[in-house]
Structures are given as structure tokens and as C-alpha cells.
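First the structure, in the form of C-alpha cells, and then the observations on it.
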Amino acid sequence: MHLKSRADYYGRIAELSKKYGFVPCIWDTGDEGNGNMTIIRRNKNRGILDYESLNAMRAAYGLPKFEGNSIDALVEKSLDNSDREMKVIYKAQSDTAETGTLSYSFAAQDWSQYTAMSFDIKFKGSSSSWSGVTLFNMSADWKWKQVSLGDFDDFTGEWQNIKIAFDGSSEPGMDFEDISKVVVIGINVQGVDVDASLELDNIILWKEDGTKVTFLDFNDNKELKCEGIAVGGLAPSTINDGETRITTPANTDFTRVGLRSIDIQQGPINAIFIGNEPGSAKAFLINGLGQMIATQNINAKAGSNSIQLKAETRGPAILMIKQGSQVYSQKVILK
């Protein structure tokens, strides 16, 4: 009913446009997920996606119909749970940093037999200032570890396959507080004035001998929890079999980042940051709402570096330091 009424709507708009001298036009929106309004595709595999809506518009001008049927195929695909993905939209209009969180919680699992995780991701987004996408885990007593997947501009807007080693000594690599007691995995998207979308599929755990286990493929109606500025759910997968995907290696050397001590006074927070190599780094202080409340750029040297961040707010926050592809964070209580 919805699809037929949509075609009627386009047809009526075209009729009124013709009557009053307007020229109606359509374009490819690029969105082919569940609930989209796309009629044509003019990039890869160009063609017509919604014959009924296009033909309704053509009929208003006395043009012949294109042969084809979309409604039956769309309905069949929407009812098919055999090939799903997680699809999420992030929107925030604010002059402070906002966070959208995807997370999946489960009973404690022993991942010590695995050496890496891979997943398919399609991300595109804009931010008026600082931005970042991070993969995180929680283990043991809900201790948090994470690794940066890059800034918004580091993503292609096409499907990519990213592989993350379970070892903080490789890039991109992720540490665990206790890999034998993993309870949460997730992705954080952060930025200022964010407008972004993310599609996620095929989360795989890898063993050292190259064998793999599918952890989540979203075909069993399991989905990630959306929090903050993240809004989404399950949708038909848009990965095409013939589409080229980029594989990110899991064994490139990188500079590790570490926090060695934190001293919280009334007002400032002081910390010692250890860098293995010299290079630029950045420290952030993020409150419980995901807002960035303090920041400091660091020209880090190999070895010990001091940082001091001042915040006027009190209560729980996250101190985060980013250098290269590695991010280290620690929960703190501001006094």
C-alpha cells in the first residue's frame, strides 16, 4: 500500500507541475536501504529502482511506460531476513562534540583463542570541527578499551572491510583489559554538528591459523543498541557481490599511547602521557553527554609528556588521548 501510494503521489505532483508550468525532476539519492525514496541509480550498475513512481510521472506527460516491476521485488526483499545489516543515522546541530554509540552486550566470552576481528563498514559523514570513529570493547569489570578507526574524512563512503588485531602493538590494533572476559563491543561516532550515516555487516572473529567464526551478521534479528545521536536498526544489506572492498591490514607498526598517572584537583586534571615516538597528539575531556568540554594539542616526545586540562563542570567524564591511529581513554571523576 505504501509503495503504491508513493507512486500515486509522484504522479499527482507531475500532473500539477505540468498544469502550472513547472518542470519536475528526480535524482539519485544514493540511499538504497530500507525506507528509501530512491527512484534511479546513475553511478555503478545504473538503472531504475522504482519503475512505478517513474512511470506515474511519465504518464502525466503522456510518455510511454518503461517495462519493469519494482513493488513485488521490494516487498519480497523487505520480508527477507536472510541478508541483513545494521544501518544508522547520526544528526546533531550543536557547537559542542556529540557522540552516537552502537553497542552489543553479551554474557562474558573468552576471546583468547582469537587474534583479530574484521567487519564490513560503509561510513560517510561531515562535522564542522573535530571528528572521529572508534571501535571499543569492555571486559572484566566493564573496563573500557578502544582504538581509533579514523576521522570522518578517512572513510571512502563506500563499503570497506576493516581488520583489527587484538594487540595494541599493531595498527589498527585493540587491547583488552581481560580478553578472557569480553562483555561488550561497539562503535562510537563523535563530532561537532554531525551529519553522518553508517552501515555495518559481517562481524568476524579470526584465529591465528586463518580460520574464522561469524560473530554477528544481523540475519538472526540481533541488532546493536543505539544511544546518543545514533538512530537506526536492521535493514536489507546493500553489499553487492561485485563491489570492490578495501582491506585494512592488521599488522602495521604504530606509536602506542599510554596514560601512566592521573592527578585530579579541584579545577584542573593533570596526567602523564607516555609516547614511544615523537609526534603530534591531542587530549580531550568528554562529559557524560558526549560533549567535549576541554582539549589540548600536544607536541609529544618519546617518553614522558605532561598534560593539563581544565574544566568547569563536575562529575564523571572520559579523558582521551589520540596519537596516530591509537586512542587511549580513562574514566575520571571531575572535582
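By how many nm would the segment from Tyr61 to Lys331 lengthen if fully extended, with 0.36 nm per residue of separation less the alpha-carbon distance?
90.9 nm
Given a Förster radius of 51 Å and the C-beta distance between Tyr9 and Thr156 as r, what FRET efficiency does 1/(1 + (r/R0)^6) yield to the nearest 0.05? Mind dumping the intermediate values first?
Details: r = 34 Å, r/R0 = 0.67.
Rounded to the nearest 0.05, the efficiency is 0.90.
Sequence-distant or interchain residues sharing an amide H contact under 5 Å with Val194, placed H: which?
The answer is Ala92, Ser94.
How far apart, in nm, are the 7 Å Cα→Cβ label points at Phe106 and Lys310?
Each label point is offset 7 Å from its Cα along the Cβ direction, giving 4.7 nm.
When the Karplus curve 6.51 cos²θ - 1.76 cosθ + 1.60 is applied with θ = phi - 60°, which whole-Hz ³J(HN,Hα) does each residue of segment 198-205 get, with x for Gly and Pro?
Along segment 198-205, the couplings run 9, 10, 9, 7, 6, 7, 10, 9 Hz.
Given R₀ = 30 Å, FRET efficiency for Lys19-Asn69 by Cβ-Cβ distance, to 0.05? Don't skip to the answer; put the middle values down first.
Details: r = 29 Å, r/R0 = 0.95.
That gives a FRET efficiency of 0.55.
Residues with amide H under 5 Å of Lys181's amide H, sequence separation 5 or more or different chain, H placed in the peptide plane at 1.01 Å from N; which?
Placed amide hydrogens put Trp111, Ala140 under 5 Å from Lys181.
Whole-Hz Karplus ³J(HN,Hα) for segment 102-112, in order, using 6.51 cos²θ - 1.76 cosθ + 1.60 and θ = phi - 60°, x for Gly and Pro?
These are the phi-based 3J(HN,Hα) values: 10, 9, 10, 9, 7, 4, 3, 10, 8, 9, 5 Hz.
Go through 182-192, 311-321 and give me the packing order, highest mean Cβ count within 10 Å leading.
Numbers: 182-192: 22.5, 311-321: 16.9.
Going by the mean number of other Cβ atoms within 10 Å, highest first, we get 182-192, 311-321.
Please list 3J(HN,Hα) in residue order for segment 218-227, calculated via the Karplus relation 6.51 cos²θ - 1.76 cosθ + 1.60 where θ = phi - 60°; whole Hz, with x for glycine and proline.
Result, ordered by residue: 6, 8, 10, 6, 7, 9, 7, 7, 9, 9 Hz.
All of the numbers you see were taken from the coordinates with simple rules; none came from a lab. It should be emphasised that the depicted structure is a prediction, and the values quoted were computed from it without experimental measurement. With ideal geometry, Cβ positions are generated from the backbone for all residues, glycine too; neighbour counts draw on all protein chains shown.
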